[in-house]
Amino acid sequence: MRKLVALVLVLALFRPAFAESETATLDNHTLQLSGTHGDFILRLDGRVLFHDVGDDAVSIVGIYSSGPGGTVLSLSSGGSVSSETSSTGDISNGFSAALLEEDTGSETCPVKYQAVILGATTIVSKPFGACAHAVQVTQDHGVLVVVTEDASGNHEEVDTISATGVTAEISATD
């Protein structure tokens, strides 16, 4: 009996603890982020999209929906967000995206971002951003534009989120 109690205690101590959880709705789908320091799981309708074991903290920064013609329909939490209606938007069916912030724990690059994009297919982007917490999200011609500035203020990265993924452009600031 003592061996059984010891085994239960060992298993309880070494299993990942999922004390924290965030849930968001994305196009009638449930997005759930759960986990604690260094062990996070992101699920869409119960299906695992990714398991992150390298970051100190992960959070959902915002939920965005771009409708046909490029108008941002809804958003929530984090960053500063502005939108404008696009008369020349090239997104015919629209898409939704969740923006995730990842605290890497690194001194050289403390923060990265990732996008979960729901369109014709589900896309989980590679990490992107200029390693800073300051993020500005705007909408332009049916895409989301995410701007991050590096800690020195010398460079900014402009990432464009569309139904097909994320593209990046890095430029020097004046």
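Just a few scattered comments:
- Hz values of 3J(HN,Hα) by residue in region 152-157 - Karplus curve (6.51, -1.76, 1.60), Gly and Pro given as x: 7, x, 8, 9, 10, 10
- Of Val166, Cys109, Val124, farthest towards positive along the dipole that unit charges on Lys, Arg, Asp, Glu beta carbons give region 91-174: Val124
- Residues in region 139-150 carry Karplus couplings, in order, of 10, 8, 6, x, 10, 9, 10, 10, 10, 10, 10, 5 Hz; the curve used is 6.51 cos²θ - 1.76 cosθ + 1.60 with θ = phi - 60°, and Gly or Pro positions show x.
- Basic side chains Lys and Arg get +1 at the Cβ, acidic Asp and Glu get -1 at the Cβ, and with that the dipole of region 101-174 about its Cα centre reaches some 340 debye.
Throughout, read-outs are computed from the coordinates displayed, never taken from laboratory work. Not measured: the values here are computed from a predicted model. Cβ: placed from backbone, ideal geometry, glycine included. Neighbour counts: every protein chain shown.
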